[in-house]
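Following: one structure in structure tokens, then a few remarks.
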Amino acid sequence: MNVYSATATLFFVMDPLGNIPIFLALLKSVNVQRRTQIILRENLIAFGILTLFLFCGKTILYSLNISEQALGIAGGIILFLIAIKMLFPSANRLLFDDSLAEEPFIVPMAIPLIAGPSAIATVTLFANQAPGQMSYWFTALALASLLSTITLLCAIPLQRFLGPKLIAALERLMGMILTTIAVQMFLIGVGTYFKSITS
């Protein structure tokens, strides 16, 4: 996997287009200028969390005695479930209370909407599969975070320009692409596992 495919994978996993209606609902009582500051802050926090798992995730895995094969299989399953939700969104997509009296801080915007379990598993898997390419993975993470931040900053004009139907269609398209990535990740994990037990 190169930088571009890793960037695309992380961008799909972060799902900024799918998060647009949730972010708008969470920030509907906040003025536009403050809304921009909150989105920048939450994306920066999410980027910091994902960077931490990118560089320290392997140590965390070893301390928990989790193998690379298990991470690959689990990561594929998680990505597949996320992709299925993107392809077939439930009617009650908004899982968080949209009438919060205070502005959101870290939860639920940074975690789990941006730096969710699937994104954490993905960056940890990248680092574990190719530890010698950390600069590539960090570049991919930085690019994906930048694209996600730009998308969310453009949430209001995007929603007005594209409309809810086109946004839903784009999310389903990303879900289709993410499904194939998830299946490939799962197959690689299973293949690596069988090679390890037969060698």
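The values are calculated or read from the model by the stated rules, or taken from the named source; none is laboratory data. Source: prediction; values computed, not measured. Glycine also receives a Cβ, built like all others from the backbone with ideal geometry; neighbour counts cover every protein chain displayed.
Looking only at residues of the stretch 89-118 that are surrounded by fewer than 18 Cβ atoms within 10 Å (Cβ to Cβ) and of a type in the set (S, T, Y), we find that the one that is modelled with the lowest pLDDT is S99. Listed by first and then second residue, the pairs with beta-carbon distance under 6 Å, at least 6 apart or on different chains, first residue in the stretch 153-172 and farther than 18 Å from E42 by Cβ and of a type in the set (V, I, T), second at pLDDT 75 or above and surrounded by 15 or more Cβ atoms within 10 Å (Cβ to Cβ), are I167/L17. Would it be correct to say that M134 is under 25 Å from Y62 (Cβ atoms), touching a helix residue (DSSP H, G or I) at 6+ places or on another chain (Cβ under 8 Å), in a helix (DSSP H, G or I) and aliphatic (A, V, I, L, M)? So M134 fits the description; yes.
How many residues does the stretch 145-163 contain that are β-branched (V, I, T) and either touching a Gly at 6+ places or on another chain (Cβ under 8 Å) or at pLDDT 95 or above (or both)? Full working, then the answer.
Let us first name the residues in the stretch 145-163 that are β-branched (V, I, T), namely 149-151, 156.
When the remaining residues are screened for being either touching a Gly at 6+ places or on another chain (Cβ under 8 Å) or at pLDDT 95 or above (or both), the result is 149-150.
Residues meeting the conditions: 2.
Taking the conditions (1) modelled with pLDDT of 75 or more; (2) within 29 Å of K165 (Cα to Cα); (3) of a type outside the set (F, W, Y) in turn, L54 satisfies each one other than (2).
F80 meets the stated requirement of being part of a helix (DSSP H, G or I), at pLDDT below 95 and at negative phi. Note on the stretch 164-181: residues that are farther than 11 Å from F12 by Cα and at pLDDT 80 or above amount to 4. The set of residues in the stretch 48-63 being without any contact (Cβ under 8 Å) to a residue 24 or more places away in the chain and either of a type in the set (F, W, Y) or closer than 25 Å to V183 by Cα (or both) consists of Y62 alone. Restricting the stretch 119-144 to residues that are surrounded by fewer than 24 Cβ atoms within 10 Å (Cβ to Cβ) and small (G, A, S) leaves a set whose member that is modelled with the lowest pLDDT is A121. Among the residues making up the stretch 107-129, a single one is over 12 Å from the mean Cα position of the chain (by Cα) and without any contact (Cβ under 8 Å) to a residue 40 or more places away in the chain: V107.
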